[in-house]
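Written out below as C-alpha cells is the structure these notes cover.
The values are calculated or read from the model by the stated rules, or taken from the named source; none is laboratory data. Only a predicted model underlies this, so the values are computations on that prediction, with no experimental measurement involved. Every residue, glycine among them, receives a Cβ derived from its backbone with ideal geometry; neighbour counts consider all protein chains shown.
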C-alpha cells in the first residue's frame, strides 16, 4: 500500500484541453488498523461508555475501511491533553497542529508529483491549494509555495472548506486556469487532517462516531496543463468538460461549524438518498458533451469520491453499473478511509493501475469516464475525462 506506479501515455492528447500530467500522494506516519480503532479511541479519550463503544464497533465494520493514516498520536495527546476533554476551547491548539501538519503533507505529496512529472519546480506557473483542515492568514498556499521553492510570481488560488468535493472542485479550477493561460503548468495540492474535528465520544452527538469510523488524513497532488511537451510530459487524463451543480434546500444536509472546540460536522441520514435521486441527471448532462447518454453508463470508467459505502452502493444501483465499475473507489475507501478532498487522487491512481489490466477488446469502454465528488451544498462536482493511458 502506498507504492508508486509509473504510467505511460498511449494516446495523443488534445492540445486545447487540459490534462493531468502527474499524480502524487503523502500520508502522516500513524497507520491505524480499523480492527484496533475502537479500543484505541476510547482509551485515548478516557471514555468507558459501553453502548457508544458498541455503536462505534458496528460502524467500523459497516464502513469497509480497513486501514487509514492519521496525524493524531500519543505524543500529541500528551502535549495537548485538553483535546480529549469535552467542552474545552481548543481551536487555538488544534490549529497549531493542523496548520503545520497539512503543510508538511502537502509539500511531500507535491514533491512526489513533481518528481514524476519530470520538469523543474520553476516551471510551475500556478498553484491551487485545497483544505478544510486549517485556517490562517497568510493561507496555506503561501506556506506550501515557500516550502516547495515556487517562484514569487506563481499565481495562487485557495479553496477552503469545500469538504469532500474540494479535490474535484480544485481540478475544475486548475483546468480553467490551464486552458486560459497557454503554456501554464498548475500544481493542485490537497491536504487534510481529522484533528481539526477530533472530540471525545458523547451520547449527545452520536453522529460524531460516523466520522471516527470513516475519515482519514493525507495529502494529494496533481500537475495540470495543456499541450503536453512531447517526450518530456506523459498526460494521464484529458479533462474534457467540467460541471458544478448545487441542490437548493440541502444546505443543512452536510452541516459544518467552526467552534471553540474545532470544527464539527453533521451528515444527515438522507444524504445517500439525495445523491441517488439526483445523480443520473447530473451525469447525463456531463456525458452529453461527448455524445453519450444514460444507455452508456457501463461504457465509461467511474472515478467517484468514496464518501462512504452507502453512497457508492446507491450510485451503483441507480445507474445499474457493473460491480467492477467502482472498484477503484472501493479500494481507496478500504485502504485510506474517506480522506476528504485528497481521496480523488487515490482513486485516480487505482484507476490507472486497473486500466493496465483491461483487455484490448474492452478498451473502448474504458477510454472515457467521469470524475465525481459530492460536498456541502449539497454540491455535485464532475469532470468528463479521457484516460490517455489505455
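Quick notes on this structure:
- Qualifying residue in segment 223-241 (condition: touching a helix residue (DSSP H, G or I) at 6+ places or on another chain (Cβ under 8 Å), closer than 27 Å to residue 194 by Cα and at pLDDT 95 or above): yes
- Residue ID - surrounded by the most Cβ atoms within 10 Å (Cβ to Cβ), chosen from residues in segment 140-168 that are part of a loop (DSSP other than H, G, I, E, B) and in contact with a helix residue (DSSP H, G or I) (Cβ under 8 Å, 6 or more places away or on another chain): 162
Condition check ((1) farther than 14 Å from residue 343 by Cβ; (2) touching a strand residue (DSSP E or B) at 6+ places or on another chain (Cβ under 6 Å)) across all residues:
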{"site": "157", "(1), (2)": "yes, yes"}
{"site": "162", "(1), (2)": "no, yes"}
{"site": "169", "(1), (2)": "no, yes"}
{"site": "198", "(1), (2)": "yes, no"}
{"site": "202", "(1), (2)": "yes, no"}
{"site": "209", "(1), (2)": "yes, no"}
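- Filter pass, residue 112 being touching a residue at least 24 places away in the same chain (Cβ under 8 Å), within 30 Å of residue 378 (Cβ to Cβ) and not in a strand (DSSP E or B): no
- For residue 326, the test of being on the phi < 0 side of the Ramachandran plot, modelled with pLDDT of 95 or more and not in a helix (DSSP H, G or I) is failed.
- Odd one out for residue 244 among (1) surrounded by fewer than 19 Cβ atoms within 10 Å (Cβ to Cβ); (2) closer than 30 Å to residue 54 by Cα: (2)
- Members of segment 247-283 found to be out of contact with any strand residue (DSSP E or B) (no Cβ under 7 Å at 6 or more places or on another chain) and assigned to a strand (DSSP E or B), listed by number: 258, 259, 262
- The residues of segment 284-312 that are free of Cβ contacts under 8 Å to residues at least 40 places away in the same chain and either within 24 Å of residue 210 (Cβ to Cβ) or outside any loop (DSSP other than H, G, I, E, B) (or both), listed by number, are 284, 288, 294, 295, 296, 297, 310, 312.
- Among the residues making up segment 105-119, those that are surrounded by fewer than 23 Cβ atoms within 10 Å (Cβ to Cβ) and touching a helix residue (DSSP H, G or I) at 6+ places or on another chain (Cβ under 8 Å) are 107, 111, 114.
- Unmet criterion (only one of (1) part of a loop (DSSP other than H, G, I, E, B); (2) within 21 Å of the chain's Cα centre (by Cα)) for residue 119: (2)
- Test set (1) surrounded by fewer than 24 Cβ atoms within 10 Å (Cβ to Cβ); (2) in contact (Cβ under 8 Å) with a residue 60 or more places away in the chain; (3) in contact with a helix residue (DSSP H, G or I) (Cβ under 8 Å, 6 or more places away or on another chain) - residue 381 fails condition number: (1)
- Looking at 271, 286, just one residue is farther than 21 Å from residue 340 by Cβ and at pLDDT 95 or above, and that residue is 286.
- Among residues of segment 201-223 that are at positive phi, those with a Cβ under 6 angstrom from a residue that is assigned to a loop (DSSP other than H, G, I, E, B) and at pLDDT 95 or above, sequence gap 6+ or separate chain, pair up as 218/27; 218/339.
- Those residues of segment 27-50 which are more than 25 Å from the chain's Cα centre (by Cα) and either within 25 Å of residue 335 (Cβ to Cβ) or assigned to a helix (DSSP H, G or I) (or both), in sequence order: 39, 40, 42, 43, 44, 50
- Some residue of segment 88-101 being within 26 Å of residue 306 (Cβ to Cβ), in contact with a helix residue (DSSP H, G or I) (Cβ under 6 Å, 6 or more places away or on another chain) and without any contact (Cβ under 8 Å) to a residue 40 or more places away in the chain: no
- Filtered residue count, segment 33-54, keeping only those that are surrounded by 15 or more Cβ atoms within 10 Å (Cβ to Cβ) and under 17 Å from residue 195 (Cα atoms): 6
- Residue that is surrounded by the fewest Cβ atoms within 10 Å (Cβ to Cβ) [pool: residues in segment 314-337 that are touching a residue at least 40 places away in the same chain (Cβ under 8 Å) and more than 19 Å from residue 357 (Cβ to Cβ)]: 317
Condition check ((1) over 17 Å from residue 200 (Cβ atoms); (2) under 28 Å from the mean Cα position of the chain (by Cα); (3) assigned to a loop (DSSP other than H, G, I, E, B)) across all residues:
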position	(1), (2), (3)
52	no, no, no
56	no, yes, no
65	yes, yes, yes
72	no, yes, yes
76	no, yes, no
82	no, no, no
87	no, no, yes
92	yes, yes, no
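- Scan of segment 329-344 for residues that are on the phi > 0 side of the Ramachandran plot and part of a helix (DSSP H, G or I), ordered by number: 340
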